[in-house]
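For reference, the structure discussed in these notes is given below.
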Amino acid sequence: MPPGQPNLPTDSTRIAHRYPFETRFKIRLLRDSGEQIVGGWARDISESGIGAFVAEELIPEEQVELEVPFPGGVMLKLPARVSRNLGTQYGLMFTGLSLEQRRHIQAAIDGKTPLPSPFLPKP
């Protein structure tokens, strides 16, 4: 992708329906300068990732760890990579969830209406 061009989703990268999910969370970055923790604001979630606003610049394909609060006072540490961005809006794709983590995500989206997506068929 040319520098300065947004990394947008395509029909081949969007693999699951997204659902409303709003919460503040932390992003742990491991860079040459050391470990950094930055804040994010989740807007939506799916079984494959989170869509969020992040004020700090994240690097496409960068591996990160998300610390996300879920209903019931559960805090999950989720491995992810930066999969897309448009300005301060980022897609963070999960990379190896445990069965327990996946169950918490499924519980968070249970009963919610999927957000419209031009990339996926209607459920």
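The values are calculated or read from the model by the stated rules, or taken from the named source; none is laboratory data. Keep in mind that this is a model prediction, so the values were computed, not measured. Methodologically, a virtual Cβ is constructed for each residue, glycine included, from the backbone with ideal geometry; neighbour enumeration extends over all protein chains shown.
Taking first residues from the range 97-108 that are touching a residue at least 60 places away in the same chain (Cβ under 8 Å) and partners that are in a helix (DSSP H, G or I), no Cβ contact under 6 Å between residues at least 6 apart in sequence or on separate chains turns up. For the range 30-52, taking the residues that are within 10 Å of the chain's Cα centre (by Cα) and not in a strand (DSSP E or B), the one that is surrounded by the most Cβ atoms within 10 Å (Cβ to Cβ) is identified as 46.
Apart from one condition, residue 113 fits all of (1) under 16 Å from residue 22 (Cβ atoms); (2) within 14 Å of the chain's Cα centre (by Cα); (3) surrounded by fewer than 19 Cβ atoms within 10 Å (Cβ to Cβ); the exception is (2). Any residue in the range 96-107 that is surrounded by 11 or more Cβ atoms within 10 Å (Cβ to Cβ), of a type in the set (Gly, Ala, Ser) and assigned to a loop (DSSP other than H, G, I, E, B)? Checking the range 96-107: at least one residue is surrounded by 11 or more Cβ atoms within 10 Å (Cβ to Cβ), of a type in the set (Gly, Ala, Ser) and assigned to a loop (DSSP other than H, G, I, E, B). Filter the range 53-71 for residues that are within 13 Å of the chain's Cα centre (by Cα), among the aliphatic types (A, V, I, L, M) and more than 19 Å from residue 104 (Cα to Cα); which is surrounded by the most Cβ atoms within 10 Å (Cβ to Cβ)? So, considering only residues that are within 13 Å of the chain's Cα centre (by Cα), among the aliphatic types (A, V, I, L, M) and more than 19 Å from residue 104 (Cα to Cα), the one surrounded by the most Cβ atoms within 10 Å (Cβ to Cβ) is 64. If you filter the range 44-58 down to residues that are touching a Ser or Thr at 6+ places or on another chain (Cβ under 8 Å) and among the small types (Gly, Ala, Ser), you find that the one that is farthest from residue 103 (Cα to Cα) is 55.
When 75, 93 are checked against the criterion of being within 13 Å of the chain's Cα centre (by Cα), outside any loop (DSSP other than H, G, I, E, B) and modelled with pLDDT of 95 or more, a single residue qualifies: 93.
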